[in-house]
Amino acid sequence: MTRQRIKAYLLICSTVFLWGISFFWTNRLLVYNVPVFFLIFTRISVAALILFVVGKLTGSIERIKRKKDVLWFMGLALMEPFFYFIGEAFGVKLTASPTLSSVIVSSIPIFGLIAGVSFYREKVTLGNILGIFLTLPGLLMVVFGKWGFTLGNTSNLPGTNIPAGILFLFMAVFSAVGHTVILKKITMTYNAFTVTFYQHALGAVYFLAPTLLYDVRRTDVSHFLTDSNFWYPVLMLSVLCSSIAFLMFTTAIRELGVTRTNTFAAVIPIVTAAAGFVLGIETLNLFQTAGIVIVVTGVILSQLRSRRS
């Protein structure tokens, strides 16, 4: 294995860790009744500002070389963060089921396999395919071991709409896959810092309208802006889980490709569960532990390369 590939695996593992623990900061803000659109807009706007300042000081932000590349950057930000965050947030809200949501989102590696082979003719072995499909039952064991085989208690949620929620969740899945497909193409021309900056800057522009038209009109968001209980988790999300994490993810996908990079999405819920266990706010039973072992085994199999390659 080359040094460059080892670096890519270290970066994607670090990214998965940050995205896994991001749940705790996001949950803290949601419990604090921060509106969803306002939360996302603030998070990615702060990330874009940080990237802009650092980029200007270091000269890391490249100029867009061709007019058609503007459309690719716009499409990248449209896939993620815009469509992905909307799909995930409203999917969880409408299904009222962390179980169902986790299972659907865990299908990202499967669709990522199809996309990688279709768009970039990425070479995969039978072991890679088996590994990717092995992550799904492993994740099912972790999720169902925690919440059981129900869709959650929806009797007290009059706005719950499971069919619509499922559609939103699959919108998140396809957006994540589309994001990696476009990202792979853009990284062939631009450095990771440039891609990450424009993704967040354009994402902030996309979220400005729904934030103003929906959240600001319905909620007094001004008191959040002067509260440290709001800014601490927002800064953690902006600096670690957006700026740094997306920089690492963008760097990794150039080396690992769409198929192998997307497989690590299955590990994110595992990181969240493990972090909760370490922090003493979650428990892990034997059934869940076995599921974690299966997921990790599946990810390892999905990364193995044939001797010919």
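Bear in mind that the values in this text are calculations on the coordinates, not laboratory data. From a predicted model like this one, the values you see are computed outputs, not experimental measurements. Cβ: placed from backbone, ideal geometry, glycine included. Neighbour counts: every protein chain shown.
Quick one: order 74, 79, 188 by neighbouring beta-carbon count within 10 Å, fewest to most. Walk me through the numbers on the way to the answer.
On the way: 74 16, 79 22, 188 7.
The most exposed by this proxy come first: 188, 74, 79.
Most exposed first by the Cβ proxy, i.e. fewest other Cβ within 10 Å, how do 83, 207 rank? Show your work: numbers first, answer last.
On the way: 83 20, 207 26.
Final ranking by Cβ density, sparse to dense: 83, 207.
When we measure straight from the Cα of residue 65, which lysines land under 22 angstrom away, once same-chain ones fewer than 8 places off are left out?
56, 184, 185
In a shell of Cβ-Cβ distance under 13 Å around residue 36, excluding residue 36 itself, what net charge do Lys and Arg (+1) and Asp and Glu (-1) give? All intermediate terms of the calculation are to be shown ahead of the outcome.
On the way: positive: 43, 93, 218; negative: 88, 215.
Residues close to residue 36 contribute a combined charge of +1.
Can you work out the FRET efficiency for the pair residue 69 and residue 117, with r the C-beta to C-beta distance and R0 = 30 Å, to the nearest 0.05? Can you show the working numbers first?
On the way: r = 25 Å, r/R0 = 0.83.
Calculated transfer efficiency: 0.75.
More than 29 angstrom separation, counting every C-alpha pair in the chain; what % is that? Provide the component values of the computation, followed by the final result.
Values: 16893 of 47586 pairs.
For the chain, the fraction of Cα-Cα distances above 29 Å is 35 percent.
Give the residue from 42, 283, 219 lying farthest towards the positive end of the charge dipole for the chain; charges sit on Cβ (+1 for Lys and Arg, -1 for Asp and Glu) and the dipole is referred to the Cα centre.
Farthest towards the positive end: 42.
Using a Förster radius of 25 Å, what is the FRET efficiency between residue 279 and residue 170 based on their Cβ-Cβ separation? Nearest 0.05, please. Let's see the in-between values first.
Working: r = 31 Å, r/R0 = 1.25.
Using R0 = 25 Å, I get an efficiency of 0.20.
From the helices alone, meaning DSSP H stretches of at least four residues, give me the mean residue ellipticity at 222 nm for the chain, per-run term -39500 (n - 2.57), in deg cm²/dmol to the nearest 500.
-23500 deg cm²/dmol
Of 140, 164, 17, which is farthest along the charge dipole of the chain in the positive direction, counting Lys and Arg as +1 and Asp and Glu as -1 at C-beta?
Of the candidates, 17 comes out farthest on the positive side.
Please arrange 241, 13 by counting, for each residue, the other beta carbons lying within 10 Å of its beta carbon, fewest first.
On the way: 241 21, 13 15.
Ordered by Cβ neighbours within 10 Å, fewest first: 13, 241.
Give the residue from 191, 271, 201 lying farthest towards the positive end of the charge dipole for segment 147-297; charges sit on Cβ (+1 for Lys and Arg, -1 for Asp and Glu) and the dipole is referred to the Cα centre.
Farthest towards the positive end: 191.
With springs only between Cα atoms under 10 Å, which of 28, 217, 43 fluctuates most in a Gaussian network model of the chain?
217
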